[in-house]
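Here's the structure, in structure tokens; my notes come after.
Read-outs: derived from the displayed coordinates by stated rules, not from any lab. Because the structure is a prediction, the values reported are computed rather than measured. When we count neighbours, we look across all protein chains shown, and the Cβ atoms used for this are built from the backbone with ideal geometry, even at glycine.
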Amino acid sequence: MKRKSFILITGAAGFIGFNLSLELLKDKKHVIGIDNLNDYYSVRLKKNRLKQLKMFKNFKSFKIDLSNYNALKNIFTKYKIEKIIHLAAQAGVRHSIVQPKNYLNSNYIGFFNIIELARLKKIKKVVYASSSSVYGNSEKFPLRENHKINPNNFYSLSKKNNEEMASIYSKYYKIKFIGIRFFTIYGEWGRPDMLIYKFIDSSFKNKIFFLNNYGNHHRDFTYIRDVVAMLKKVKFKNNTKNEIYNICSNKPIKLTKIFSILSNSIKMPLIKKRKHQQADVIKTHGDNSKIVRETNFNKFTSFETGLLNTLNWYKKYHKIKFSQKF
Ligand SMILES: NC(=O)c1ccc[n+]([C@@H]2O[C@H](COP(=O)([O-])OP(=O)(O)OC[C@H]3O[C@@H](n4cnc5c(N)ncnc54)[C@H](O)[C@@H]3O)[C@@H](O)[C@H]2O)c1
């Protein structure tokens with residue numbers, strides 16, 4: 001009997017991994033999700049995401065740490081994996097100053113384990129998460145994929161290193177890689193450590209919201225459903241390469257604009273402005289013409305609609321949670 005082929009998604013309990021897995025499962029793909037369910041942010045949120053995925057018969061889930069080579073190897077041996085989408089990593093720029101070792105284990109060793117198993121098991125297609133933070137502080141915008149990269153913290157350095165490992169593995173072992181430089185993703189099931197979630201959460205829970213750099217940052221916010229649509233469409237080329245794409249909206253937004261949009265729907269939390277935080281870049285603004293050309297995706301969701309969807313999800317999610325709790 002022919003063995004079933006699986007797409008392996010690492011970080012399936014994470015924000016992007018969950019949203020992508022959900023869409024692939026709806027498309028009847030067979031998906032294996034790996035995640036260590038660490039407590040960098042709410043483990044309950046990660047478990048609730050997994051609960052949604054486990055409703056699909058075509059989903060298998062494993063709690064494994066990327067640094068555990070033997071546990072990973074068992075999965076690669078037991079199942080036929082046709083493609084890897086490697087999203088698990090220790091995320092967060094500021095956290096990398098406090099806990100650099102997590103980045104070493106997950107982003108260096110973990111990344112190596114995944115691509116090494118791809119080599120040994122002859123898996124020829126790997127998509128992996130890089131980050132817009134590899135560009136560092138720049139003065140020239142929009143940032144194109146061939147722009148000089150200049151990581152200024154341990155997280156971004158780990159992503160640069162991933163891109164370099166992928167280049168070497170593509171050259172010597174004929175593995176096709178697609179590296180995605182994600183630019184500040186937001187949306188449903190988003191991350192509690194990120195600005196939009198934090199702002200909404202502070203409003204509902206009457207918490208102080210700390211606004212870094214007095215609100216003078218610009219971010220190229222990209223809506224999760226657009227991200228998933230592009231990830232589903234991006235194709236491996238015939239030649240073996242480490243192909244890099246920005247995934248961004250190409251529309252930088254000043255942080256204070258978000259607050260003025262949201263203030264139409266929620267009460268403003270108490271905002272405490274503070275100085276620029278070490279490791280934060282002042283502005284991100286990516287050029288998305290390469291990914292748009294490759295995927296033909298051009299129906300970007302407006303920022304207002306994306307924010308409203310995020311807010312509605314937040315309200316629904318917490319209502320469910322509160323009613324379960326009380
Ligand atoms: N969300 C963004 O705006 C953004 C921007 C740039 C890059 N990225 C990158 O995209 C990827 C996905 O990001 P996300 O926002 O979904 O983050 P996330 O933290 O929500 O998801 C990552 C998942 O990986 C898991 N994980 C972490 N270390 C692990 C390990 N050692 N073993 C197994 N699982 C582990 C976590 O438990 C988490 O569920 C990451 O690589 C991140 O660095 C994200």
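A few remarks follow.
- In the range 1-41, trypsin sites (Lys or Arg not before Pro) in a DSSP loop with at most 16 other beta-carbon atoms within 10 Å: 2, 3, 4, 28
- Positive minus negative residues near residue 302 (Lys, Arg vs Asp, Glu; Cβ under 14 Å): +2
- Computed over the range 239-314, the P(r) curve from all C-alpha pair distances, binned at 10 Å from the origin, holds 14, 34, 34, 15, 4, 0 percent per bin.
- Percent of beta bridges antiparallel (DSSP, the chain, rounded to nearest 5): 5 percent
- The label-point distance for residue 78 and residue 54, in a model that sets each label 7 Å from Cα toward Cβ, rounds to 1.5 nm.
- Helix 110-120 and the long axis of the chain differ in direction by around 30°, with both axes built from C-alpha atoms.
- If the chain linking residue 305 and residue 238 were pulled fully straight, counting 0.36 nm for each residue of separation and taking away their Cα-Cα distance, it would gain 20.4 nm.
- Computed FRET value (nearest 0.05) for residue 212 with residue 2, which takes r as the C-beta separation and R₀ as 51 Å: 0.40
- Burial ordering of 134, 93, fewest other beta-carbon atoms within 10 Å first: 93, 134
- Angle between the chain longest axis and helix 224-233 axis [Cα atoms, degrees, rounded to 10]: 20 degrees
- The residue list 270, 42, 103 was ranked by how far each Cα lies along the charge dipole of the chain toward its positive end, using unit charges on Cβ atoms, and 42 comes out on top.
- Pair residue 276, residue 27: separation of 7 Å Cα→Cβ label points (nm): 4.1 nm
- Only one residue of 236, 172, 203 has its Cα farthest out toward the positive end of the dipole of the chain, where Lys and Arg carry +1 and Asp and Glu -1 on Cβ, and that residue is 236.
- Computed FRET value (nearest 0.05) for residue 251 with residue 39, which takes r as the C-beta separation and R₀ as 25 Å: 0.15
- Simple point charges give the picture: +1 on the Cβ of Lys and Arg, -1 on the Cβ of Asp and Glu, and for the chain a dipole about the Cα centre of about 1020 debye.
- Rounded to the nearest 20 debye, the dipole size of the range 15-124 about its Cα centre is 460 debye, using +1 on the Cβ of Lys and Arg and -1 on the Cβ of Asp and Glu.
- Modelled label positions at residue 109 and residue 283, each set 7 Å beyond Cα in the direction of Cβ, lie 4.1 nm from each other.
- Across the options 113, 284, 149, the greatest Cα extent toward the positive end of the charge dipole of the chain (unit charges at beta carbon of Lys, Arg, Asp, Glu) belongs to 113.
- Gap separating the Cα centres of the range 11-53 and the range 181-243, nearest whole Å: 16 Å
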